[in-house]
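S.K.: The structure is given below, and queries will be raised subsequently.
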Ligand SMILES: O=C(O)CCC(=O)C(=O)O
Ligand SMILES: [Fe+2]
C-alpha cells in the first residue's frame, strides 16, 4: 500500500494527532508550519525570553525536521540570541473574536463547527451510568511502590467518580467524593467573568442563568507524563450538554486539538500553558478534542525546587517536573436534578 493510500485511511483529526504525537526526531518539538494559520496561542507572552516554549526551541527552524521546503523562513532574520532559537513568528489569532472579561482580563472565542447537543435526559444518563461496573483490579497485577504508581497515575476523581473507559459516572454511590469548595469557587469565578451574552448572542443554550447557578460538582484531574496523550473524544455524560466545562492547565504546556462534530474535519491546535483556562460551553461542548502532545522542556521556572519547600511541595514539584496536570471541572447535575435512587 502506498503512503498516500495509508494517509487517506486516516481522518483529518487522526492525521493531526499523528503529527503532534510524532517523537521520532528526538529533542525536537513537532513543526508548527502546517498548522500556523489555525494555531491558537492563548497567552503569548510579551517577552519571548519569559516563555518556556521559546526556551524549549519550539520556534526554532531546527524543529522543522519534517518539512523539506525552504520557502517559509521568517527565522532567517533573527539576530543574536534569537538566531539560535529561531524567532517566534507573529501567529495571527485576529480572526478570533476577542472579548473583554468582566474581571478585566482578555479572552478569545474559538467557534468550532458544531451542532447543539441534545439533552440526554435523566433516564438515559442513568442507564448509561448503570453500565459502570467499578474497577476490579486484575489479580495479575504486581505490587507497586507509591513512586512507581505516581508515574502511572492517569486520572483522579473529584465529585462523582468517572470511568474514562466507559465515559460514565458511578451514580450508584449516594455520596460523591467531595468537590473541593475552593476549586468550585475558582471555577464559578472564571465562569462568572465571561460575558455570556456576547459569547452566545444568537443562541439560548441556557447561559442566562449560569452566573447564578453554575456550580461544578465533578472534576477529573488528568495526569500526563511526557509522551502520554488523550485520544479524541466528546464529553457527553453530563445531564446538560451545554453547561460550562472549566479546564485548567498546570505544569508542562500541551497541544490540545479542537475539532468539530466530525473527525473528518481538520482540528485546530491550541497551545495550553500552565495557568491557561479553557472553557467549553454551548455547542462547543460537542466538539471532538484531545491532547496529542505534552511539550517537553516547557515547565515554567517557578516549578523549580527551592530549599524552603515543604516535603509535600517538594513531592509535587518532583511529580510536575515531567508532567502536566489538567483539572477538568463539570457540572453533572444541573439545578432541579439530583441523584435519584437508581438501583
Ligand atoms: O487535558 C486536557 O486539557 C483535556 C482533558 C479533557 O478533555 C477531559 O478531561 O475531558
Ligand atoms: Fe474532554
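The values are calculated or read from the model by the stated rules, or taken from the named source; none is laboratory data. The model shown is predicted, which means the values in this text are computed figures rather than measured ones. Note that each Cβ is placed from the backbone with ideal geometry, even for glycine, and that neighbours are counted across all protein chains shown.
S.K.: Can residue 216 be described as modelled with pLDDT of 95 or more, under 20 Å from residue 126 (Cα atoms) and either surrounded by fewer than 23 Cβ atoms within 10 Å (Cβ to Cβ) or away from ligand 2 (no atom under 12 Å from the Cβ) (or both)? Show your work before the answer.
M.R.: On the way: modelled with pLDDT of 95 or more: yes; under 20 Å from residue 126 (Cα atoms): yes; either surrounded by fewer than 23 Cβ atoms within 10 Å (Cβ to Cβ) or away from ligand 2 (no atom under 12 Å from the Cβ) (or both): yes.
Here the answer is yes, as residue 216 does meet what is asked.
S.K.: Within region 272-313, which residues are away from ligand 2 (no atom under 15 Å from the Cβ), in a loop (DSSP other than H, G, I, E, B) and buried (at least 21 other Cβ atoms within 10 Å of the Cβ)?
M.R.: Correct list: 273, 274, 295, 298, 299.
S.K.: For the list (1) surrounded by fewer than 18 Cβ atoms within 10 Å (Cβ to Cβ); (2) within 14 Å of the chain's Cα centre (by Cα); (3) modelled with pLDDT of 95 or more, I need the number of the one condition that residue 261 fails.
M.R.: (2)
S.K.: Can you name the condition, by its number, that residue 301 falls short on among (1) more than 17 Å from the chain's Cα centre (by Cα); (2) within 13 Å of ligand 1 (Cβ to nearest atom)?
M.R.: (2)
S.K.: Could I ask something else about it? Working carefully through the options 252, 203, find the one that is crowded, with 19+ Cβ neighbours inside 10 Å, away from ligand 2 (no atom under 16 Å from the Cβ) and on the phi < 0 side of the Ramachandran plot.
M.R.: Values: 203 fails: crowded, with 19+ Cβ neighbours inside 10 Å.
That would be 252, the only listed residue that is crowded, with 19+ Cβ neighbours inside 10 Å, away from ligand 2 (no atom under 16 Å from the Cβ) and on the phi < 0 side of the Ramachandran plot.
S.K.: Another one. Filter region 232-249 down to residues that are part of a strand (DSSP E or B) and near ligand 1 (Cβ under 10 Å from one of its atoms) and give me whichever is surrounded by the fewest Cβ atoms within 10 Å (Cβ to Cβ). Write out each step before concluding.
M.R.: Step one: filter region 232-249 for residues part of a strand (DSSP E or B), giving 232-233, 245-249.
Still in the running and near ligand 1 (Cβ under 10 Å from one of its atoms): 232-233, 245, 247-249.
Working: 232: 20, 233: 11, 245: 23, 247: 23, 248: 21, 249: 24.
Residue satisfying both the conditions and the ranking: 233.
S.K.: Quick one: which of 200, 196 is at pLDDT below 95 and more than 16 Å from ligand 1 (Cβ to nearest atom)? Reasoning before the result, please.
M.R.: Details: 196 fails: at pLDDT below 95.
Result of the check over 200, 196: 200.
S.K.: On the given criteria, is residue 252 near ligand 1 (Cβ under 10 Å from one of its atoms), in contact (Cβ under 8 Å) with a residue 24 or more places away in the chain and closer than 28 Å to residue 24 by Cβ?
M.R.: On the way: near ligand 1 (Cβ under 10 Å from one of its atoms): no; in contact (Cβ under 8 Å) with a residue 24 or more places away in the chain: yes; closer than 28 Å to residue 24 by Cβ: yes.
Against the criterion (near ligand 1 (Cβ under 10 Å from one of its atoms), in contact (Cβ under 8 Å) with a residue 24 or more places away in the chain and closer than 28 Å to residue 24 by Cβ), residue 252 does not qualify.
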